[in-house]
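**Student:** Structure below; questions to follow.
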Amino acid sequence: MLGAARRQLGSGPMLGQVLRRLRPAAGAFTEAARGYSSAAKEITVRDALNSALDEEMSADPSVFLMGEEVGEYQGAYKITKGLLDKYGPDRVLDTPITEAGFTGIGVGAAYQGLRPVIEFMTFNFSMQAIDHIINSAAKSNYMSAGQINVPIVFRGPNGAAAGVGAQHSQCYAAWFAHVPGLKVLAPYSSEDARGLLKAAIRDPDPVVFLENELLYGESFPVSDEVLDSSFALPIGKAKIEREGKDVTITAFSKMVGYALQAAEILSKEGISAEVINLRSIRPLDRAAINASVRKTNRLVTLEEGFPQHGVGAEICMSVVEESFEYLDAPIERIAGADVPMPYAANLERLAVPQIEDIVRAARRACYRALPMAASA
């Protein structure tokens, strides 16, 4: 693995900086108590991610960053802004365009007790490194009978952005969630981004952390509790973003915002929608999903990835297995179109779920063919 990386990176100072990090770091990091947000000032998702990285690097000297343009350029999306100046080139490592090389080095570093955070400029590029993610990172703990932990985070933007074509627009949530040994997280808000990234860095297992480029500049309210350096969110727990009694809508990442907007429209028609922000794709919070469906008796699943073998399909099966007798209507599944992402803007819009799609699906689940006035 490191031999292949050495061939790709050459023998210059970059390789030397990286290989020096393979020495086990002194000290251990004790995970702090976790909590939830209760109220309010606003920060962007970008700043939430940046502050989480900064605080975890400050708390634990074994945490380091590696990827293309994470250092001198401050990150392609400025998530790593200021970290090179603060922590230096031994802990913020710019790499060539060689995902297979620097991902393999990261996994090797995690074998030795370090905590790498590997940035992909887009998760579409993770395909160059998928052997290291799945065969080296995800399976090593099991294959070593628990002797080898791989505390590594793979992070970067996932899913459709805008006008970047089929090769840069895929959602990889279902891809990576298929693999035992990986944890897969998909934040929506600033609280999600900050709390889940901290939890991912502290976790002893490999975590795939799927961000969304279009959310980086979005601002969300956060409490002082969220801004505390000890804050982290539990992996595997969903959040009810909006309570309701007529239909459950499950979503993750950017689609949570769409679901909330659809729920507001539905409320004006007398339909009370409960919106669940999954946060964690693997492990999936089946208990929260089924509890909601047992209350509302209806389900709409929402994702922007391809429909076949998708996250929504897994949720549907979970509800069929555990709560079928509670359903009062067929499950509605909303996903991206089963085609490579078009480049043309008008076709791109047709290929990903829109708010009106969610509204129509919820109406169907509630047997409302046409909008009805909200009851007094």
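The values are calculated or read from the model by the stated rules, or taken from the named source; none is laboratory data. If you're wondering where the values come from, they're calculated on a predicted model, not measured in any experiment. Positions of Cβ are backbone-derived with ideal geometry, glycine not excepted, and every protein chain shown enters the neighbour counts. The area values use the complete protein model at the heavy-atom level, side chains included, leaving out ligands, DNA and RNA. Shrake-Rupley method; radii C 1.70, N 1.55, O 1.52, S 1.80 Å.
Let's see how each residue does on (1) open to solvent by 10 Å² or more (accessible area, probe 1.4 Å); (2) in a strand (DSSP E or B); (3) over 30 Å from Ala138 (Cα atoms); (4) modelled with pLDDT of 95 or more:
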position: Ser229; (1), (2), (3), (4): yes, no, no, yes
position: Glu241; (1), (2), (3), (4): yes, yes, yes, yes
position: Ala262; (1), (2), (3), (4): no, no, yes, yes
position: Ala287; (1), (2), (3), (4): yes, no, no, yes
position: Ser292; (1), (2), (3), (4): no, no, yes, yes
position: Lys295; (1), (2), (3), (4): yes, no, yes, yes
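**Student:** Quick test of your reading of the structure: Pro342 fulfils all but one of (1) touching a helix residue (DSSP H, G or I) at 6+ places or on another chain (Cβ under 7 Å); (2) modelled with pLDDT of 95 or more. Name the failing condition by number.
**Tutor:** Result: Pro342 passes all but (2).
**Student:** OK, next. Give the residues of region 245-258 that are more than 17 Å from Glu218 (Cβ to Cβ) and open to solvent by 10 Å² or more (accessible area, probe 1.4 Å), sorted by residue number.
**Tutor:** Those that are more than 17 Å from Glu218 (Cβ to Cβ) and open to solvent by 10 Å² or more (accessible area, probe 1.4 Å): Lys245, Asp246.
**Student:** Tell me which residues, restricted to region 145-158, are open to solvent by less than 10 Å² (accessible area, probe 1.4 Å) and either without any contact (Cβ under 8 Å) to a residue 24 or more places away in the chain or assigned to a loop (DSSP other than H, G, I, E, B) (or both).
**Tutor:** Val150, Ile152, listed by residue number.
**Student:** Can you say whether Gly165 is modelled with pLDDT under 95, more than 18 Å from Ile235 (Cα to Cα) and out of contact with any Cys (no Cβ under 8 Å at 6 or more places or on another chain), as far as the supplied structure shows?
**Tutor:** Taking the combined requirement at face value, the residue satisfies it.
**Student:** Which residue is surrounded by the most Cβ atoms within 10 Å (Cβ to Cβ), if the candidates are limited to region 304-349 and must be farther than 21 Å from Tyr188 by Cβ and of a type in the set (Val, Ile, Thr)?
**Tutor:** Going through the qualifying residues, I end up with Val319.
**Student:** Do we have Gly236 as outside any helix (DSSP H, G or I), over 27 Å from Ala200 (Cβ atoms), modelled with pLDDT of 95 or more and touching a Ser or Thr at 6+ places or on another chain (Cβ under 7 Å) here?
**Tutor:** no
Residues checked against (1) within 17 Å of Leu49 (Cα to Cα); (2) under 14 Å from the mean Cα position of the chain (by Cα):
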| position | (1), (2) |
| --- | --- |
| Glu119 | yes, yes |
| Ala138 | no, no |
| Tyr142 | no, no |
| Val150 | no, no |
| Phe154 | yes, yes |
| Val179 | no, no |
| Leu182 | no, yes |
| Gly195 | yes, yes |
